[in-house]
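J.: Mind looking over this structure? Questions follow.
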Amino acid sequence: ETGVTQSPTHLIKTRGQQVTLRCSSQSGHNTVSWYQQALGQGPQFIFQYYREEENGRGNFPPRFSGLQFPNYSSELNVNALELDDSALYLCASSVPRGGLNTEAFFGQGTRLTVV
Amino acid sequence: ELKVEQNPLFLSMQEGKNYTIYCNYSTTSDRLYWYRQDPGKSLESLFVLLSNGAVKQEGRLMASLDTKARLSTLHITAAVHDLSATYFCAVDNDFGNEKLTFGTGTRLTIIP
């Protein structure tokens with residue numbers, strides 16, 4: 001158990017719909033990163049939030065957006081879902097210490113299926 | 001753009017044998033991670049390697065890092081069936097900010 005929890009664990013959406021995924025970070029961790037893992041692939045970095053601000057973004061279109069709340073929990077929103085958005089979405093939390101972040105700990109993931 | 005390559009992509013080996021998974025990356029970094037992933041599950045952290053020459057061992061797994069060669073290895077000793085999983089290496093491409101670039105993964109199958 002890493003202390004990082006994600007919800008829901010599974011969901012099915014229709015192409016064109018919007019979805020919100022949620023992540024509660026490990027206690028004391030103020031940095032949350034989101035990753036997309038397509039079937040048979042390695043995870044790909046979507047973006048990171050630090051103290052409620054976006055702190056870096058990977059090669060994902062603007063319809064992927066996020067939020068971080070004062071309690072450091074986070075949401076990933078995807079608009080206009082496409083079939084290729086079907087994937088396991090992982091969040092990871094970490095905290096800066098001495099100029100570097102601690103190791104990132106991953107949640108159990110949300111399996112999104114777009115039909 | 002940072003690229004992380006693993007080989008082999010697939011590895012089938014008999015119990016009791018030794019093997020090594022290789023992870024090459026394309027730009028300077030001195031933070032490298034190894035993760036295990038079981039089917040349908042999340043990522044389990046195995047090793048964090050933070051400096052050149054770092055070597056860590058846990059049970060039948062040993063990981064090392066050569067930052068000059070931009071190479072990390074995950075060595076499996078006397079494999080057992082429970083080690084069957086997909087193994088990923090990941091490199092921190094933002095100097096400590098934990099924005100990870102993952103390799104393609106190595107699917108390891110241990111045959112009894």
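J.: Would you mind finding the one in B:A85, B:A63 that is in contact with a Lys or Arg (Cβ under 7 Å, 6 or more places away or on another chain), in contact (Cβ under 8 Å) with a residue 40 or more places away in the chain and either more than 10 Å from chain A (Cβ to nearest Cβ) or under 13 Å from B:M13 (Cα atoms) (or both)?
T.: One residue alone meets the criteria, B:A85.
J.: Restricting to segment A:58-115, and then to whatever is in a strand (DSSP E or B) and touching a Cys at 6+ places or on another chain (Cβ under 6 Å), can you tell me which residue is farthest from the other protein chains (Cβ to nearest Cβ)?
T.: A:S74
J.: Quick one: B:R36 ticks every box in (1) touching a helix residue (DSSP H, G or I) at 6+ places or on another chain (Cβ under 9 Å); (2) under 19 Å from B:E5 (Cα atoms); (3) of a type outside the set (D, E); (4) away from every other protein chain (no Cβ under 14 Å) except a single one, so which number is it?
T.: Among (1) touching a helix residue (DSSP H, G or I) at 6+ places or on another chain (Cβ under 9 Å); (2) under 19 Å from B:E5 (Cα atoms); (3) of a type outside the set (D, E); (4) away from every other protein chain (no Cβ under 14 Å), B:R36 violates only (4).
J.: Okay, moving on. Which of the numbered conditions does B:S29 fail, given that it passes all the others? Conditions: (1) loosely packed, with under 13 Cβ neighbours inside 10 Å; (2) within 11 Å of B:A90 (Cα to Cα).
T.: If we test B:S29 against (1) loosely packed, with under 13 Cβ neighbours inside 10 Å; (2) within 11 Å of B:A90 (Cα to Cα), just (1) comes out false.
J.: Okay, next question. List every residue pair whose Cβ atoms lie under 6 Å apart, where the two residues are 6 or more positions apart in sequence or sit on different chains, the first residue falls within segment A:1-23 and is in contact (Cβ under 8 Å) with a residue 40 or more places away in the chain and surrounded by 14 or more Cβ atoms within 10 Å (Cβ to Cβ), and the second residue, located anywhere, is among the hydrophobic types (A, V, I, L, M, F, W, C) and part of a loop (DSSP other than H, G, I, E, B).
T.: Hits for this filter: A:K13/A:L81.
J.: Which members of segment A:5-47 meet the condition of being outside any strand (DSSP E or B), at the interface with chain B (Cβ under 9 Å from one of its Cβ atoms) and under 21 Å from A:P70 (Cα atoms)?
T.: none
J.: Can you pull out every residue in segment A:1-27 that is more than 14 Å from B:S42 (Cα to Cα), out of contact with any Asp or Glu (no Cβ under 7 Å at 6 or more places or on another chain) and hydroxyl-bearing (S, T, Y)?
T.: If the condition is that a residue be more than 14 Å from B:S42 (Cα to Cα), out of contact with any Asp or Glu (no Cβ under 7 Å at 6 or more places or on another chain) and hydroxyl-bearing (S, T, Y), then A:T14, A:S24, A:S25, A:S27 are the ones that fit.
A short reminder: the numbers here are calculations on the coordinates, not readings from a lab. All values derive from a computational prediction rather than experimental measurement. Note that each Cβ is placed from the backbone with ideal geometry, even for glycine, and that neighbours are counted across all protein chains shown.
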